[in-house]
1. Working only within region 120-147, note down all residues that are in a strand (DSSP E or B), in contact with a Ser or Thr (Cβ under 7 Å, 6 or more places away or on another chain) and aliphatic (A, V, I, L, M).
2. Out of 185, 94, report the one residue that is of a type in the set (A, V, I, L, M) and more than 16 Å from the ligand (Cβ to nearest atom).
3. Any residue that is outside any helix (DSSP H, G or I), modelled with pLDDT of 95 or more and touching a Lys or Arg at 6+ places or on another chain (Cβ under 7 Å) - is there at least one of those in region 56-77?
4. For region 151-176, which positions are near the ligand (Cβ under 10 Å from one of its atoms) and surrounded by 14 or more Cβ atoms within 10 Å (Cβ to Cβ)?
5. Take the residues of region 109-140 that are surrounded by fewer than 16 Cβ atoms within 10 Å (Cβ to Cβ) and over 24 Å from residue 28 (Cα atoms): which is nearest to the ligand (Cβ to nearest atom)?
6. Would you mention how many residues in region 14-38 are hydrophobic (A, V, I, L, M, F, W, C) and closer than 25 Å to residue 177 by Cα?
7. Check whether at least one residue in region 91-102 is among the basic types (Lys, Arg), surrounded by 11 or more Cβ atoms within 10 Å (Cβ to Cβ) and closer than 20 Å to residue 62 by Cβ, and report yes or no.
8. Could you tell me which numbered condition residue 84 fails, if it satisfies all but one of (1) surrounded by 18 or more Cβ atoms within 10 Å (Cβ to Cβ); (2) touching a helix residue (DSSP H, G or I) at 6+ places or on another chain (Cβ under 6 Å)?
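The values are calculated or read from the model by the stated rules, or taken from the named source; none is laboratory data. All values reported here derive from a predicted model rather than from experimental measurement. Cβ placement follows ideal geometry from the backbone for every residue including glycine, while neighbour counts extend to all protein chains displayed.
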Amino acid sequence: MSSDSATLELLAKRRSIKAVDMGSAPLSAEQIDTILRAGLRVPDHGKLAPWRFVVFAGEGRGRFGQVLEAAYAKTFPDAAPSSYAFERGRFERAGAVIAVISAPRLHPKIPVWEQQLSAGAVCQNMLIAGTALGLACQWLTEWYAFDADVQAALGLGDGEQIAGFLYFGSRLQEPDERDRPDFDAVVSWYGRE
Ligand SMILES: Cc1cc2nc3c(=O)[nH]c(=O)nc-3n(C[C@H](O)[C@H](O)[C@H](O)COP(=O)(O)O)c2cc1C
């Protein structure tokens, strides 16, 4: 197969666009389907599919905002009304949000760690698909990925964790470059002087 310069360019330049900076125009059903199918197509040792996805689009975003608001109010009962309103509208900043839930199981040959890594690969594949669709994308966990009430609302079982909430929205601006790690600090060549 010949090299695919468009993919290489996307990978070389990919940047997140913050949820706060994206537009909330709805994604089409086809766009959401494309992103979900890209997520399914990750390396997965043992073909265990150790992850599941929850899509928040349309009214689902606001409905889940009520869960976020209630969980936030439990932890911060005396917060300002504007904070509650922010939590209620958190997902409505995006066109769609996808929760990727890592759902590893005990297996005689495949370590849980490898299954969790596969969930990370799902998140990145979805971000790349979203970027290729011309969308603004960001991978967030924030406080609510770790909140017991939010986890219960998503039906998390034993050993399940939220790998990320992936935000997808309209691209209102082009992102600036950000500092990247020093190449030589993280790359070494085994056996090279
Ligand atoms: C697992 C995971 C969780 C993250 N959670 C947050 C978060 O809660 N808040 C945040 O500002 N950035 C978070 N980030 C970072 C952003 O997704 C993003 O990588 C960063 O804003 C910009 O980097 P990029 O343009 O290279 O993607 C998280 C990244 C990962 C991998």
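1. 136
2. None of the others qualify; the one that does is 185.
3. Scanning region 56-77, I find no residue that is outside any helix (DSSP H, G or I), modelled with pLDDT of 95 or more and touching a Lys or Arg at 6+ places or on another chain (Cβ under 7 Å), so the answer is no.
4. If the condition is that a residue be near the ligand (Cβ under 10 Å from one of its atoms) and surrounded by 14 or more Cβ atoms within 10 Å (Cβ to Cβ), then 162, 163, 164, 165, 166, 167, 175 are the ones that fit.
5. The extreme case among them is 113.
6. Looking only at that region, the number is 6.
7. yes
8. Unmet condition: (1).
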